[in-house]
Amino acid sequence: MSSIIQVLPDHVANQIAAGEVVQRPASVIKELMENAVDAKATDIKVILKDAGKTLIQIVDNGVGMSVTDARLCFERHATSKIRFAEDLFQLNTKGFRGEALASIAAIAHVDLKTKTTFDELGTHIIIEGSKVIQQEPCVTATGTVFSVKNLFYNIPARRNFLKSDAVELKHVIDEFQRVALAHPAIDFTLIHQGNDVYRLPAATLRQRINGIWGGKSNEKYVPVQESTDWLSIEGFVGKPEFSKRTRGEQFFFVNHRFIKSGYLHHAVMAAFEGLLKEGFHPSYFIYLEINPELIDVNIHPTKTEIKFEDEHAIYSILRACIKHSLGQFQIQPPLDFERDATMDLPYDYQRKELKSPEIEVDAFFNPFEKSESKGAYNHSFSKAKSAAWESLYLPSNDDFALPTEASTLQIEQDWSTGSLFELPNKEQGSQHKFFQIQRKYIVCTIKSGLVILDQQRAHQRVIYDKLVSQLQQHRGHSQQLLFPLVLEFDASQCAILAGFASELHIMGFQLTFLDAHSIQVDGIPTELKEGLVPSVLDQIIQDYEHKSQDFSDEVGYFLAKSLCKSMAIKRGSVLTELEMQSLFDALFASEDAQMSPFFKKTYITLGLEELDKKFDL
Ligand code: ADP
Ligand code: MG
């Protein structure tokens, strides 16, 4: 047999990887603004047409690039920011993967003009779909101008997922604000369709916050400040009376990099305990400075999640220092709230012994491996997964409710031992806790009556949740095929799948695009049967071509819906007891157990009361 493996041409590899870095215009803006900051610019302008879909132009007065660098910067893994693996532990720059420009150049028309102070003439490069179209010397100011036109011009499958200009502009503004807040000492301008959206001259942090949101910050915010030998905290928190119903202005920056952290957010909320009305959210702008050796920013290409070596210590310092500020500025709990007694405690963490965090170096650490990370799909799935099924087992009548702590314990124990179901059955030695009706429904007895599942919809929910959670964590599970499958498609269909390659990869598909018509499948999601692979991929193409789902979802959700439809067990399939049980368990571990991803009922219950009623008891 002749060999079939080929190394992917660069432009294809870049295009596939681009899906990971570039989701929408806002991602390009973030990458280019950060590059300008890394290039030590003091003035950065962002100019947009059609929310960035038609044109994104970033003009900076940074150090610029030499002729060679201007050409090299578009190569994958080309970066001036790290040279040795150890450099990763000393990072003071935003970028370091050397992926952004290679990715952007693969999926847009890019025009670069750049010049260093040492050169008389600058360099002008035009590059489209990773191909250099033109390179010549040019007259230009010191610094760099990147113009990115027609985003996703060569991947219509992704372009169709861009949202309205208003929605895309909102994403752009979010990214712009994050970079502008992280660097108050830099001038930033944002212009859309020829109109100023922001003009922010270099300023103090307080002025920068005012510049973005207007109003008088003295009235609204109190400063927070703390420093220890390994951590410093600065910033502002909003006074409780200015808290809002929507969770808007909440920002954490670590070493001038915007991050998201549910854990640190919790620390802030703990400091506000007793001061906020139910359902209200405080604003905060918290800047942490920490030795870069004590954090790992390398967990995701878009880098909004980071790992700290000692999260617990940061949590307590942060909470204590915000409490202290709120106390110092004599913020009293509103009269109608219970006073939080802990507010009265002296500010005493300084007396506690602080341990410097220890760090272990992983010799096998690969900076370009993408794992253990979270990205665009991390909203709405973070809640505890217990609520949905818990309600099934607890009597709804309060009179019968156990004290909450005891009942949770009870349930957790039941859960882990798998003895959720009616004990009498088990005690009588019955093997059948589950029954299938018409190969369509699964019936199961529970403490409060009966549950009847629609097997197909229930399985859709389970698969959908699993795929979405893989997207959130950027980590999929894949089973290797013993013999790779090679599938043939139309060129246009192949292009559709290629447009979704990075998401499909995270969902467990290992695909190699051999040529314009054929795809080699080396690995598939663990719950997919090999024989179904062609029909599952066909379904994606069909859903896309026939727009059988609208494109208002993100690409990942679109794919998860398509896949759960084609991968779920169908009505008419016979299930073993074990399969019924694991489907049942998996469904009720979902917080959206009651609905399929297509908003259809997944199960109904028949309560004892209802049964009693039917028997006139
Ligand atoms: P990274 O930022 O991870 O290094 P990028 O692909 O974003 O990777 O950029 C590649 C390289 O191009 C950078 O390391 C830097 O040397 C150079 N570069 C990019 N943008 C600019 C800019 N605005 N000014 C000067 N140099 C730049
Ligand atoms: Mg970069």
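The values are calculated or read from the model by the stated rules, or taken from the named source; none is laboratory data. Values in this document were obtained by computation on a predicted structure and should not be read as measured data. As a convention, Cβ positions derive from the backbone with ideal geometry for all residues, glycine included, and neighbour counts pool all protein chains shown.
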| remark: In the range 166-192, anything surrounded by fewer than 17 Cβ atoms within 10 Å (Cβ to Cβ), modelled with pLDDT of 95 or more and closer than 30 Å to Ser552 by Cβ is listed as Ile191
| note | Among Ala41, Ala17, Ala70, the single one that is closer than 22 Å to Lys149 by Cβ, modelled with pLDDT of 95 or more and either of a type in the set (Phe, Trp, Tyr) or assigned to a helix (DSSP H, G or I) (or both) is Ala70
| remark: Scanning the range 112-126 for residues that are within 9 Å of Gly64 (Cβ to Cβ) and of a type in the set (Lys, Arg) gives Lys115
| field | Members of the range 178-216 that are among the hydrophobic types (A, V, I, L, M, F, W, C) and either in contact with a helix residue (DSSP H, G or I) (Cβ under 6 Å, 6 or more places away or on another chain) or assigned to a helix (DSSP H, G or I) (or both) | value | Val179, Ala180, Leu181, Ala182, Phe188, Leu190, Leu200, Leu205, Ile209, Ile212, Trp213
| query | Tell me, which strands (runs of 3 or more DSSP E) wholly within the range 222-282 include 1 or more residues that are modelled with pLDDT of 95 or more? | reply | 231-238, 250-254
| Qualifying positions in the range 130-159 - more than 19 Å from Asp60 (Cα to Cα) and either β-branched (Val, Ile, Thr) or surrounded by fewer than 18 Cβ atoms within 10 Å (Cβ to Cβ) (or both) | Lys131, Val132, Ile133, Gln134, Gln135, Glu136, Asn150, Tyr153, Ile155, Pro156, Arg159
| said: Any residue that is of a type in the set (Val, Ile, Thr) and either without any contact (Cβ under 8 Å) to a residue 40 or more places away in the chain or surrounded by fewer than 17 Cβ atoms within 10 Å (Cβ to Cβ) (or both) - is there at least one of those in the range 523-537? | reply: yes
| query | Among the residues of the range 26-64, which ones are in contact with a Gly (Cβ under 6 Å, 6 or more places away or on another chain) and away from ligand 2 (no atom under 16 Å from the Cβ)? | reply | Asn61
| Residue in the range 476-491 that is in contact with a Lys or Arg (Cβ under 8 Å, 6 or more places away or on another chain) and within 21 Å of Gly556 (Cβ to Cβ) present | no
| message | Yes or no: the range 305-315 includes at least one residue that is modelled with pLDDT under 80, closer than 18 Å to Phe251 by Cβ and part of a loop (DSSP other than H, G, I, E, B). | response | yes
| request: Kindly provide the set of residues from the range 416-446 that are part of a loop (DSSP other than H, G, I, E, B) and at pLDDT 80 or above, ordered by number. | output: Lys433, Gln438, Arg439, Lys440
| query | So which strands (runs of 3 or more DSSP E) stay within the range 107-149 end to end and still have 2 or more residues that are charged (D, E, K, R)? | reply | 109-115, 131-138
